[in-house]
Each structure stands twice: as structure tokens, then as C-alpha cells.
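The numbers here are math on the coordinates, done by the rules we state, and not lab data. Just so it is clear, the model here is predicted, and its values are computed rather than measured. Methodologically, a virtual Cβ is constructed for each residue, glycine included, from the backbone with ideal geometry; neighbour enumeration extends over all protein chains shown.
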Amino acid sequence: MLKALLWDVDGTLAETERDGHRVAFNLAFAEAGLNWGWTEQHYAELLHVTGGRERILAYMVTRPDAPASQQHKHALARQLHLRKNQHYAALVAEGRILARPGVVALIREAAAAGLVQAIVTTTSRSNVQALLPTLLGPHWAACFSAVLCGEDTERKKPDPEVYTLALQRLGLAPHEALAIEDSTPGAKAAHAAGLPLVLRPSVYFPAQAVPAGLAAVLCTAEDHFDLAQLREWHGRRAHAAGWAGVQRGV
């Protein structure tokens, strides 16, 4: 039986990366007096590095004007990431980031139906706290039994740690939940945790880039996206995987 929805954030709830995080990174770079700038294409490549600070550090390897010592690199990355998050929150508050089609209605429908829901992301907690009230209103947290963010884990996606932690906190087996992701790293994390998965590709992670072998139902923004459809998809995965007793409860 489908008991829980586990939601990724960036790219899944909203198209945050291109018009939110990327813009905020560039604002932070300019504010620090750095002649750095990430185009849409360059940022698409950097997204394969999970985590904002990690992304900055990876970029520094290519920059001759980056600090020479690792200590100074890490200090600058922390400073830039903090300012990026502040700029991102301002962009969200300005209404620059909109929910993806069907997301808000589905979260509310699932909450009304009594399904457990959780935020399972490795983005910063401050980014979640900036975005969710804008999408769902000031009482957004009432929809979720757990909110797991980057600060809660040692390893970021594609490592399954955050999903494993979410299942432990919710007291659920993997087959009782459904992960909703947009990206290759997120899909790999959910798959490694044993979770059935709905993959709804985003701007930076188109469907044709999804690696083969992932146990996922692939859908697009144009596909019908409500609780009945998720139950059907979960049941389809249950049948394919042969989970005893699961499909009968869907």
C-alpha cells in the first residue's frame, strides 16, 4: 500500500535552478568582486556536482584567480554560499520561482487523504524555508511529517543517505513510499535506497539523459499528476517488483 510521498525540492517542486540558484550564485560572485559568472549551459554541467558549496569548490579548480590554499578556498566557498542563499531567498520573495504544474494541488490532495509526506532534499534548510511558504503558504510544514535537508546528512545525493534517514524517521519500508524526483543524482539516491520512483524530468535533467537501469516511472509536466495517478504508478512498480501484498492495497 502506498503510505507516503517523499518529495525532492529543487527542480521537482519548482524550476529553481536556472532562474533561482544560478542567478543567486552570480549575484554573490559579483557582490564579492569576483569576475565569475555561470551561464545556463555551464550551470547545467555544474549541477552534476551535488551541493552548492561543493559546486563552488569544483568550479574553483578551473579558476586561476581562486585562493591558493584549501583553507581559503573552503572559507570563500562558505561565504559565497551563504550570500547565494540570501539572494535566493530574495528572488523567491519577489515571486520569481513558481511551482511546477500540479505540485501544489497534489501535496494538498495527499495531505487531505491522510498520506504521510516528507521533504527529502540535500539543499540547504534555508532554501526550503524560503521556498515552501511561497508555494504552500505560512502553514506549509503541516503537510509534512519530516523535513530532511542537507544539514541532516553527511553525504549528498546521489548517495541514498537522506532517503534512508527519511524512511527510518517515518518508520516505513521502502516499498510503502514513493519518491518524486527530477534529476539523475536524485533518482540514483532513491533507487539505491530501494524506493519506487516517479521521475519527472526538469529543465536541466531532460528525460533522454536518464540513465538506463533505474526502477522509475517516467512522466512529464504534461502528464496527469494527481494522487490517483501516483497510486496507479506505485501499483505498477509493485507488480513489476513482486512486492507481496502491496498492489492489493493500492
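The label-point distance for Ala112 and Ala207, in a model that sets each label 7 Å from Cα toward Cβ, rounds to 2.9 nm.
Peptide packing for 61-73, 31-43 was compared via the average number of neighbouring C-beta atoms within 10 Å per residue; ordered from the highest value, the list is 31-43, 61-73. List residues of the stretch 30-61, by number, whose backbone nitrogen lies under 17 Å from a label position 7 Å along Cα→C-beta of Ala90. So the set is 30-34. Averaged over residues, the count of other Cβ atoms within 10 Å places the peptides 46-52, 153-159 in the sequence 46-52, 153-159, highest first. For Lys73, the lysines whose Cα falls under 30 Å of its own Cα, not counting residues fewer than eight places away in the same chain, are Lys84, Lys156, Lys157, Lys188. With all projection directions averaged, the alpha carbon convex hull of the stretch 17-93 covers 4.6 nm².
Our estimate of slack between Arg18 and Leu82, defined as 0.36 nm per intervening residue step minus the Cα-Cα distance, is 21.2 nm. In a Debye calculation with equal point scatterers on the alpha-carbon sites of the chain and no solvent, what is log10 I(q)/I(0) at q = 0.08, 0.17, 0.18 Å⁻¹? One equal scatterer on each Cα of the chain leads to -0.31, -1.29, -1.43.
Charge dipole of the stretch 17-93 (Cα centre as origin; +1 on each Lys and Arg Cβ, -1 on each Asp and Glu Cβ, all else neutral): 240 debye, rounded to the nearest 20.
The residues Tyr88, Tyr204, when put in order of fewest to most other Cβ atoms within 10 Å, stand as Tyr204, Tyr88.
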